[in-house]
Amino acid sequence: MNRSKYLYLNSRDEFFRVDITKIVYFESDGNYTHIILNNKLKATVCMNLAQMQEILAASLKDSAGTFARIGKRHIVNLNYVYQIAILRQKLVLSDGENFEYNLSVSKDALKKLRDLYVSNPA
């Protein structure tokens, strides 16, 4: 049986249960983090990106490697990286069929992401 792993996020006012395979990326907005899913749903939780990184590591254990911090504003699902355009400072996340998200990311962060793929082609 294929059991999906879920990320459980609980706050004073809201509870989210999110299938980690559907998370495309997290985006920082000050003390808030937006969670963007592959079906275009968007959730917002009251925590910064560093706190979200800690929750991902603690909750997902080995599966946390699916996600990588890219620059100051994003954590992306590495399974959805479609294009890294360093000169245009653009990262395209897509499943190749249903959705495409274009993120503006620093050249340095994009180079590190590219190097991650080049040094560990999986």
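No value in this document is a laboratory result; all are computed from the given coordinates. The model shown is predicted, which means the values in this text are computed figures rather than measured ones. Positions of Cβ are backbone-derived with ideal geometry, glycine not excepted, and every protein chain shown enters the neighbour counts.
Computed quantities for the displayed model
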{"read-out": "Nitroxide proxy distance, nm - points 7 Å out along Cα→Cβ at SER63 and ASN79", "value": "0.9"}
{"read-out": "Net dipole in debye of segment 2-74 [+1 Lys, Arg Cβ; -1 Asp, Glu Cβ; about Cα centre; nearest 20]", "value": "180"}
{"read-out": "Approximate spin-label separation ASP115-ILE86, in nm, with each point projected 7 Å along Cα-to-Cβ", "value": "1.0"}
{"read-out": "Cα-based Lys pair tally, the chain, threshold under 16 Å, eight or more apart or on separate chains", "value": "11"}
{"read-out": "Karplus-derived 3J(HN,Hα), 6.51/-1.76/1.60, for each residue of segment 66-71, Hz, glycine and proline x", "value": "5, 10, 9, 6, 10, x"}
{"read-out": "Relative contact order of the chain, defined on C-alpha pairs under 8 angstrom at six or more residues apart (%)", "value": "16"}
{"read-out": "Centroid-to-centroid separation of segment 52-77 and segment 1-44 [C-alpha atoms, Å]", "value": "12"}
{"read-out": "Sum of -39500 (n - 2.57) over DSSP H runs of 4+, divided by residues of the chain (222 nm, nearest 500)", "value": "-6500 deg cm²/dmol"}
{"read-out": "Karplus-derived HN-Hα couplings along segment 108-118 (A = 6.51, B = -1.76, C = 1.60, θ = phi - 60°), whole Hz, x at Gly and Pro", "value": "4, 5, 5, 5, 5, 5, 4, 4, 4, 6, 5"}
{"read-out": "Using a Förster distance of 35 Å, the FRET efficiency for ASN102-PHE16 (Cβ separation, nearest 0.05)", "value": "0.90"}
{"read-out": "PHE67 long-range amide H proximity, modeled H, under 5 Å", "value": "LEU78"}
{"read-out": "For segment 91-96, Karplus couplings with θ = phi - 60° (6.51, -1.76, 1.60), whole Hz, Gly/Pro x", "value": "10, 9, 10, 7, 9, x"}
